[in-house]
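First comes the structure, then the notes that go with it.
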Amino acid sequence: QVQLAESGGGLVQAGGSLRLSCAASGSISSITAMGWFRQAPGKQRELVARITSGGNTVYAEFVKGRFTISRDNAKNTVYLQMNSLKPEDTAVYYCNAWPVFIVPWGQGTQVTVSS
């Protein structure tokens, strides 16, 4: 069973950047798509971006042009480069397979953007 561990979050000022990493304990090369999700306090978890094993990407409208998802199958790692961060990006960020999730989810990584 693959386990996921997110890292790279932190506190950043609006307009700043962060790079999140998601390390999988096993191979992700056969997983059709991997995604980054986020959950803000009092809100449902939402998909931020996803990437197929072939490198095709899809982004939520609210991050288009600001975030970039990538994956390194050799390192079993998925990344999320976040630029031009906004206070509304504040949330716990998780990675997971998409659309069939790996259970349990990782612990996530907190991203806090101050205004």
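Brief remarks on what is shown
- The range 52-109 shape via C-alpha gyration tensor axes, a/c threshold 1.5: oblate
- Sparsely packed chymotrypsin sites (Phe, Trp or Tyr not before Pro) within the range 22-115, loop by DSSP, other Cβ within 10 Å at most 16: 101, 105
- In straight-distance terms, cross-link reach from residue 64 covers every one of the aspartates and glutamates whose alpha-carbon lies under 19 Å from its own, apart from those fewer than eight places away in the same chain; here that gives 46, 88, 89.
- Amide H partners (placed H, <5 Å) of residue 10, local residues excluded: 111, 112
- Amide hydrogen neighbours beyond the local backbone of residue 71, cut-off 5 Å, H modeled: 79
- Charge dipole (debye, nearest 20) of the range 41-111; +1 at Cβ of Lys and Arg, -1 at Cβ of Asp and Glu: 60 debye
- Separation between Cα centres of the range 12-44 and the range 94-115, rounded to whole Å: 5 Å
- Spherically averaged projected area of the chain from its Cα convex hull (nm²): 6.5 nm²
- 1.4 Å probe accessible area per residue over the chain, in Å²: 51 Å²
- Among the protein heavy atoms of the chain, carbon and sulfur supply 50% of the accessible surface, probe 1.4 Å, non-protein parts ignored.
- Under 12 Å, Cβ to Cβ, from residue 62 - net charge with Lys/Arg +1 and Asp/Glu -1: 0
- For residue 75, the aspartates and glutamates whose Cα falls under 16 Å of its own Cα, not counting residues fewer than eight places away in the same chain, are 6.
- Global form of the range 7-66, assessed from the alpha-carbon gyration tensor, a/c cut-off 1.5: prolate
The values are calculated or read from the model by the stated rules, or taken from the named source; none is laboratory data. Everything quoted here is computed from the prediction, not taken from an experiment. Please note: Cβ atoms are built from the backbone with ideal geometry, for glycine as well, and neighbour counts cover all protein chains shown. These area figures cover heavy atoms from the full protein model, side chains too; ligands, DNA and RNA do not enter into them. Shrake-Rupley method; radii C 1.70, N 1.55, O 1.52, S 1.80 Å.
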